[in-house]
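*Asks:* Please see the structure below; I have some questions.
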There are 2 protein chains.
Amino acid sequence: MNIAVLGTGAVGQALAGRLSGLGHTVAVGTRDPEATLARTELDGMGNPPFAAWLGDHAAVRLTTFAEAAAEAELVVLSGSGSAALDMLTAAGAQHLAGKPVLDISNPLDFSAGFPPSLFVKDTDSLAERIQAAFPEARIVKSLNTLTAQLMVEPDLLGGPTTVFVSGDDADAKATVTDLLTSFGHQDVIDLGGIETARGTEMFLPLWLRTMGALGTGLFNIKVVR
Amino acid sequence: MNIAVLGTGAVGQALAGRLSGLGHTVAVGTRDPEATLARTELDGMGNPPFAAWLGDHAAVRLTTFAEAAAEAELVVLSGSGSAALDMLTAAGAQHLAGKPVLDISNPLDFSAGFPPSLFVKDTDSLAERIQAAFPEARIVKSLNTLTAQLMVEPDLLGGPTTVFVSGDDADAKATVTDLLTSFGHQDVIDLGGIETARGTEMFLPLWLRTMGALGTGLFNIKVVR
């Protein structure tokens, strides 16, 4: 499949690398490819600059948000929550129309430090705002409940765990669920319409505090029933 | 141990029954014991009236909030979130001072129907409000992330799962953790201070939607790491 991954951070790298490794044609979208490639410092999370990553992933192409989205059959939104709407606007509504958009973003507000609060919650969600802003795109919220590495390599944990999908379009959810299965996810719970993303976005405060208690982000929840 | 269980609903019954079965001396507190015993209709969740439950649990005593708390070494707050502060006020700050208070309540707001929203969240929590209102009590938030039956009988599920504790007093958390272990919980994660209850309280929206997707509340999460 032709896939656009919007965002060059840890989540974008994890998704792009894994999707490319599985044989998909992957274009990573960024605001300004030259500026992205010119960066030589570590990012805020201590990861190497994108150019170094790209050197190890020759099959992946770096381009603009708009060009990546234009050619894609599926779009992955892997930027920060605060940038999500701007990134999709730069990608272009006409390039998103009719396509499944896997939304991994979380509405984290770091303005008061760590742990962050959520800038939308409870009676609304970032996923709903995105769906409302791009009504012709078929938004599927998923993978926002675990760390980047485990999104694409859940087998790194000692046993199977659970991920969730939320969205209004059944076909788009099926496409995303197939991708998740190809990553190794064995338990994908379909929560329902896009408004159920309120649940997974509001899980972040517990995720963050569990990370604090365990001293690692390498964990995920399993829904045992 | 002498334990007061404040609240006569499904959570109060589950806790009181299990604690009594484990050999603790249990008093269930309610606003007006005569009124509670006079009720003959099913409750809002379809459970039998409290008097029927009490008939099957002869070792459990029903009394007022204040009398139950006065004699207790540990207090369990098992009422609805909206009633929590009033129930503790009726129990009496002087009867809570110095004691571990296991707070199971969730700040659910059903005023706009189902699913409920949260009446406090993100930058505050019900547990913090309770601790602030009763500064001499040693509040421990726990068990608010799973259904009543599984709080006290986690072995009903196919494998071990996780529960969390949040609180400012290490001794009170140790006392509560011992109780949880006696119920069968094998994985108790100490999230930290009382403000970490924001995490478990904000898990409710995901819990509710997972219940909707699975068609049952008989599930719990396991933190796999």
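The values are calculated or read from the model by the stated rules, or taken from the named source; none is laboratory data. In this text, all values refer to a predicted model and were calculated from it rather than measured experimentally. Note that each Cβ is placed from the backbone with ideal geometry, even for glycine, and that neighbours are counted across all protein chains shown. Side chains included, ligands, DNA and RNA excluded: accessible areas come from the protein's heavy atoms. Shrake-Rupley method; radii C 1.70, N 1.55, O 1.52, S 1.80 Å.
*Asks:* Among the residues that make up segment B:166-176, is at least one of them open to solvent by less than 10 Å² (accessible area, probe 1.4 Å), in a loop (DSSP other than H, G, I, E, B), within 12 Å of another protein chain (Cβ to nearest Cβ) and of a type outside the set (Asp, Glu)?
*Replies:* Let us first name the residues in segment B:166-176 that are open to solvent by less than 10 Å² (accessible area, probe 1.4 Å), namely B:166-167, B:172, B:176.
Now restrict to residues that are in a loop (DSSP other than H, G, I, E, B): none.
No, segment B:166-176 contains no residue that is open to solvent by less than 10 Å² (accessible area, probe 1.4 Å), in a loop (DSSP other than H, G, I, E, B), within 12 Å of another protein chain (Cβ to nearest Cβ) and of a type outside the set (Asp, Glu).
*Asks:* Is at least one residue of segment B:53-76 among the basic types (Lys, Arg), assigned to a loop (DSSP other than H, G, I, E, B) and in contact with a helix residue (DSSP H, G or I) (Cβ under 9 Å, 6 or more places away or on another chain)?
*Replies:* Taking every residue of segment B:53-76 in turn, none turns out to be among the basic types (Lys, Arg), assigned to a loop (DSSP other than H, G, I, E, B) and in contact with a helix residue (DSSP H, G or I) (Cβ under 9 Å, 6 or more places away or on another chain).
*Asks:* Now for a separate question. Those residues that are in a loop (DSSP other than H, G, I, E, B) and touching a residue at least 60 places away in the same chain (Cβ under 8 Å), I need them from segment B:144-165; list them, please. Walk me through it before giving the result.
*Replies:* Taking segment B:144-165 as the starting set, the residues that turn out to be in a loop (DSSP other than H, G, I, E, B) are B:144-147, B:153, B:157-161.
Correct list: B:144, B:145, B:146, B:147, B:153, B:157, B:159, B:160, B:161.
*Asks:* Considering only segment A:200-212, state which residues are touching a Ser or Thr at 6+ places or on another chain (Cβ under 7 Å) and not hydroxyl-bearing (Ser, Thr, Tyr).
*Replies:* Scanning segment A:200-212 gives A:201, A:203, A:206, A:207, A:209.
*Asks:* Just one of B:136, B:128 is modelled with pLDDT of 95 or more, more than 10 Å from chain A (Cβ to nearest Cβ), open to solvent by 30 Å² or more (accessible area, probe 1.4 Å) and not in a helix (DSSP H, G or I); which is it? Walk me through it before giving the result.
*Replies:* Values: B:128 fails: not in a helix (DSSP H, G or I).
Only one candidate qualifies: B:136.
For (1) at pLDDT below 95; (2) touching a Lys or Arg at 6+ places or on another chain (Cβ under 9 Å); (3) open to solvent by 60 Å² or more (accessible area, probe 1.4 Å), each residue gets a yes or a no:
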site	(1), (2), (3)
A:20	no, no, no
A:59	no, no, yes
A:68	no, yes, no
A:87	no, yes, no
A:92	no, no, no
A:95	no, no, no
A:109	no, no, no
A:119	no, no, yes
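*Asks:* Which residues, taken from segment A:194-225, are farther than 21 Å from residue B:124 by Cα, facing chain B (nearest Cβ under 7 Å), assigned to a helix (DSSP H, G or I) and over 17 Å from the mean Cα position of the chain (by Cα)?
*Replies:* Scanning segment A:194-225 gives a single hit, A:214.
*Asks:* Is there any pair linking a residue in segment B:100-119 that is within 15 Å of residue B:199 (Cα to Cα) and part of a loop (DSSP other than H, G, I, E, B) to one that is open to solvent by 10 Å² or more (accessible area, probe 1.4 Å) and of a type in the set (Phe, Trp, Tyr), with Cβ under 7 Å and at least six apart or on different chains, and which?
*Replies:* Taking only residues 6 or more apart or on different chains, the pairs are B:107/B:119.
*Asks:* Sticking with this structure for a sec: Kindly list, by first and then second residue, each pair from a residue in segment A:36-47 that is of a type in the set (D, E, K, R) to a residue that is surrounded by 10 or more Cβ atoms within 10 Å (Cβ to Cβ), limited to pairs with Cβ atoms under 8 Å and residues at least 6 apart or on different chains.
*Replies:* A:39/A:49; A:39/A:50; A:39/A:51; A:41/A:49; A:43/A:9; A:43/A:10; A:43/A:49
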